[in-house]
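Accompanying notes for the structure given below.
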Amino acid sequence: MLGYVYVIIKNSKYGFNNEDIEEIASDVFLAIWQSRNKLEINKEITPYIAGITKNLILKKQKKIKKTTLNIEVFEKSIHENIDIHNKAEKDEQSRIIIEELLKMKEEDRRIFTNYYYYSKKIKEISKELNISEIKVKSRLSRIRKKLKKELEKRGYSYE
């Protein structure tokens, strides 16, 4: 009978490892033993064994699938936590940048926001503010240095 149970398990579409096969086979015979008083003596036992085996195969597969899903959920939560940490850090950096921009002259603030937030080209900014492109470039450079210095002062490092 043990060989019969092994064949049913191995022929299942789930491809269990040897440890799982042995566990299912043991559970089949345990189930038969526990229900021995309910079995009819004159009836063939192989269909009963086959039914129990198939039910235990499905039960084992559901358990494996649930375990795999839990691991995937756990891995996903790890990535989400990392993302939350990165988002919080970026939010803090943005807050510092905005705070510093509010302390700057209006023209410097407009140069910076037009370039970095509105993705305008230096040529467009110079025309809009009626200043030279060289002045826009040098102001952007000074603003970046100032913001970098402030961010480093508050614990954020940049290369």
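The values are calculated or read from the model by the stated rules, or taken from the named source; none is laboratory data. The structure displayed is predicted, hence computed values, not measured ones. In this analysis, Cβ positions are derived from the backbone assuming ideal geometry, glycine residues included, and neighbour counts consider all displayed protein chains. Protein only, heavy atoms only, side chains kept; ligands, DNA and RNA dropped before computing areas. Shrake-Rupley method; radii C 1.70, N 1.55, O 1.52, S 1.80 Å.
Could you grab the pairs with beta carbons closer than 9 Å, sequence gap of 6+ or different chains, first residue in the stretch 124-143 and closer than 18 Å to E100 by Cα and part of a helix (DSSP H, G or I), second one of a type in the set (D, E, K, R) and open to solvent by 60 Å² or more (accessible area, probe 1.4 Å)?
Listed by first residue and then by second, the contacts come to nothing, as the list is empty.
Just for the stretch 12-27: of the residues that are polar (S, T, N, Q) and open to solvent by less than 90 Å² (accessible area, probe 1.4 Å), which one is modelled with the lowest pLDDT?
S12
Being more than 33 Å from the chain's Cα centre (by Cα) and part of a helix (DSSP H, G or I) is the filter here, so list the residues in the stretch 94-112 that pass it.
Once the filter is applied, which keeps residues that are more than 33 Å from the chain's Cα centre (by Cα) and part of a helix (DSSP H, G or I), the stretch 94-112 yields E100, L101, L102, K103, E106, E107, D108, R109, R110, I111, F112.
Look through the stretch 28-57, keep the residues that are more than 19 Å from G3 (Cα to Cα) and open to solvent by 60 Å² or more (accessible area, probe 1.4 Å), and return whichever of them is nearest to the chain's Cα centre (by Cα). Lay out the reasoning, then the answer.
First, the residues of the stretch 28-57 that are more than 19 Å from G3 (Cα to Cα): 34-43.
Imposing the further condition that a residue be open to solvent by 60 Å² or more (accessible area, probe 1.4 Å) reduces the set to 34, 36-38, 40-43.
Values: Q34: 44, R36: 48, N37: 51, K38: 49, E40: 53, I41: 55, N42: 57, K43: 53 Å.
So the residue we want is Q34.
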